[in-house]
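Note sheet for the following structure.
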Amino acid sequence: MQDVLAFKQMIDNVNNKFYNESGDSFDKIPFDAILPELLLRYGVGHEVLEIGSGAGALAAWLVQQGCQVTCLEPAQELATKAAEKGVKVYSTTIQDFHTDYQYDSVIAISSLIHVPKADLPLQIQKISHLLKPQGKFFVSFIEGEGEGFEDPTQMGKLRYFAKWTNSELDSILSQYFVLLENHKIYNKKMDRTFILSVASRA
């Protein structure tokens, strides 16, 4: 158990260093060509939890749509930028976030890609408990196999990534969610394909 916690702390330290030093490049709505349309079409309800909010661009947009948004952002520099946009922010990871509250929707865009593969099933179960019945889950993962520290943007700075096949994700998500829609989106800068999914709590 101690080794697992130490590994998580190492991942958090490496990732947070990267994001704290690169904050301005993450102050935008992710997958802006499709994500806002999906959020509006399926509906996020009133109370939203965003895991890995970055500098809060998506959260601020959701507030404009009339939502009450709670953000989790472990990188302190980004958490501060998000708080300046007027949203509630906890500077923590999903693993370290604890509440009995339930939300209408949970959004985790390019944040669970940093959760070790062995730990993801537990975090998906936790997210299902954070949702009200029939609550919506908007999430993206990197398509592929394996996990580890990489520098996909060739910036000389490592981050930890976990990659998933469709069948691996389905075996985990289907225990708690009904899949509503899937999209594959290629990120040229990272040379990675992301799987963007919309699901409903079963």
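Computed from the coordinates by the stated procedures, all read-outs in this text should not be read as laboratory data. Only a predicted model underlies this, so the values are computations on that prediction, with no experimental measurement involved. All Cβ positions, even for glycine, are placed from backbone atoms using ideal geometry, and neighbour counts span all protein chains on display.
List of remarks:
- Candidate aspartates and glutamates - alpha carbon under 12 Å from LYS117, same-chain residues fewer than 8 apart omitted: GLU145, GLU147, GLU168
- Extreme residue, positive dipole direction of the chain, given options PRO116, LEU35, THR153 (C-beta unit charges): LEU35
- Each of PHE177, GLN102, TRP61 was scored by the projection of its Cα onto the charge dipole of the chain, and the greatest displacement toward the positive side belongs to TRP61; charges sit on the C-beta of Lys, Arg, Asp and Glu.
- For the chain, the Cβ-based charge dipole about the Cα centre amounts to some 260 debye (Lys, Arg positive; Asp, Glu negative; other atoms uncharged).
- Cα shape, the chain, gyration tensor, a/c 1.5 rule: rounded
- Relative contact order (percent, whole number), the chain, Cα cutoff 8 Å, 6+ residue spacing: 18
- Cα gyration tensor, region 50-149 - rounded (a/c under 1.5), prolate or oblate: oblate
- For the residue pairs LYS126/LYS189; LYS85/LYS184; LYS8/LYS136; LYS8/LYS163, alpha carbon separations beyond 25 Å are given by LYS126/LYS189; LYS85/LYS184; LYS8/LYS136.
- Here is how the number arises for the chain: DSSP H runs of 4 or more residues each give -39500 (n - 2.57), the sum is divided by the residue count, and the result at 222 nm is -9500 deg cm²/dmol.
- Sequence ranges 148-154, 69-75, 161-167, 177-183, ranked by mean other-Cβ count within 10 angstrom, highest first: 69-75, 161-167, 177-183, 148-154
- Fraction in percent of alpha-carbon pairs per bin - 5 Å, region 1-72: 3, 14, 19, 21, 14, 12, 10, 6, 1
- Overall form of region 103-192 per C-alpha gyration tensor (a/c, 1.5; a/b vs b/c): prolate
- Membrane-span-like helices of the chain, defined as complete DSSP H segments with a Cα extent of 30 Å or more along the helix axis and a mean Kyte hydropathy of at least -1.0, are absent.
- With a Förster radius of 22 Å applied to the C-beta separation of PHE149 and THR92, the computed FRET efficiency comes to 0.55.
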